[in-house]
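Quick notes on the structure that follows.
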Amino acid sequence: GVIERLIGWSNQSAVSEELRSLDDYTGDDIGCKNLKVLNVGYCKHVTDNVMYHIAENAAERIESLDLTRCTTITDKGFQSWTCKSFPNLKSLSLKDCTFLSDKSIIAIANSATNLEILNLGFCCALTDLAVEVLCLGCPKLIDLDMSFCGSAVSDSSLVGISLHLKNLQ
């Protein structure tokens, strides 16, 4: 798809036959190799396959990712992040991604340990487990938005946040 082409491939042999057959394909590098900030909020075409592509081809360079209201992403999309490290990812917005559960947060906390800004507003399927995992996996958080997360914001969660997320502002 278009987003995959924008991001490009870290391994040119992985370029699909579909792209190779395009008239404008020259065999040169495809994609914006310096892309560090990606805002695709409200884009209905961001799928689990795009999440896999980001993990495989942009994990090392992506610094900011806005997936606000990308409701076609599921937990499966973040499972591909589990085996990757996103060392430079500082800002992630999943606001209004209502179908994501604790499984996604576990994958994020394991792969993006340097996160500083995380927006989970209106992610109402999350529970205390998501907050507990974030407290342990993302200790550098300075901005955490969990507005309208329902049961994920409990007394227990707030105690965990107060004990572990010392950099919150």
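The values are calculated or read from the model by the stated rules, or taken from the named source; none is laboratory data. Given the structure is predicted, the values throughout are model-derived calculations rather than measurements. Counting neighbours? That spans all protein chains shown, and the Cβs are built from the backbone with ideal geometry, glycine included. Keep in mind that these areas ignore ligands, DNA and RNA; they rest on the heavy atoms of the full protein, side chains included. Shrake-Rupley method; radii C 1.70, N 1.55, O 1.52, S 1.80 Å.
Reported count of residues in the stretch 102-154, each being within 15 Å of Ser64 (Cα to Cα) and hydroxyl-bearing (Ser, Thr, Tyr), is 2.
Tell me yes or no: at least one residue of the stretch 129-136 is of a type in the set (Val, Ile, Thr), touching a helix residue (DSSP H, G or I) at 6+ places or on another chain (Cβ under 8 Å) and open to solvent by less than 20 Å² (accessible area, probe 1.4 Å).
Step one: filter the stretch 129-136 for residues of a type in the set (Val, Ile, Thr), giving 131, 133.
With touching a helix residue (DSSP H, G or I) at 6+ places or on another chain (Cβ under 8 Å) added as a condition, the list becomes 131, 133.
Filter once more, keeping what is open to solvent by less than 20 Å² (accessible area, probe 1.4 Å): 131.
Within the stretch 129-136 (the criterion being of a type in the set (Val, Ile, Thr), touching a helix residue (DSSP H, G or I) at 6+ places or on another chain (Cβ under 8 Å) and open to solvent by less than 20 Å² (accessible area, probe 1.4 Å)), the answer is yes, since at least one residue qualifies.
Restricting attention to the stretch 141-159, does a residue exist that is of a type in the set (D, E, K, R), under 13 Å from the mean Cα position of the chain (by Cα) and more than 20 Å from Ala59 (Cα to Cα)? The answer is no; no qualifying residue exists.
Contact map, the stretch 133-155: residues that are closer than 14 Å to Ser93 by Cβ paired with residues that are exposed (fewer than 14 other Cβ atoms within 10 Å of the Cβ) and among the hydrophobic types (A, V, I, L, M, F, W, C), Cβ distance under 8 Å, separation 6+ or inter-chain. Pairs shown: Leu141/Leu168; Asp143/Leu168; Leu144/Leu168. Of the residues Ile117, Ile108, the single one that is open to solvent by 60 Å² or more (accessible area, probe 1.4 Å), modelled with pLDDT of 95 or more and within 21 Å of Ile54 (Cα to Cα) is Ile117. Restricting the stretch 99-116 to residues that are among the hydrophobic types (A, V, I, L, M, F, W, C) and assigned to a loop (DSSP other than H, G, I, E, B) leaves a set whose member that is nearest to Leu165 (Cα to Cα) is Leu115. Close Cβ contacts (under 6 Å, 6 or more residues apart or on different chains) running from residues in the stretch 43-61 that are part of a helix (DSSP H, G or I) to residues that are open to solvent by 40 Å² or more (accessible area, probe 1.4 Å) comprise Asp48/Thr74; Asp48/Lys76; Ala55/Lys84; Asn57/Ser10.
Taken over the stretch 61-108, the residue count meeting the criterion of being over 10 Å from the mean Cα position of the chain (by Cα) and not β-branched (Val, Ile, Thr) is 22.
Rundown of residues vs (1) modelled with pLDDT of 95 or more; (2) farther than 19 Å from Met146 by Cα, yes/no style:
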{"residue": "Arg5", "(1), (2)": "no, yes"}
{"residue": "Ser16", "(1), (2)": "no, yes"}
{"residue": "Gly31", "(1), (2)": "no, yes"}
{"residue": "Leu35", "(1), (2)": "yes, yes"}
{"residue": "Asp48", "(1), (2)": "yes, yes"}
{"residue": "Thr68", "(1), (2)": "yes, no"}
{"residue": "Trp81", "(1), (2)": "yes, yes"}
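Of the numbered criteria (1) of a type in the set (A, V, I, L, M); (2) part of a loop (DSSP other than H, G, I, E, B); (3) surrounded by fewer than 16 Cβ atoms within 10 Å (Cβ to Cβ), the one Ala125 fails is (3).
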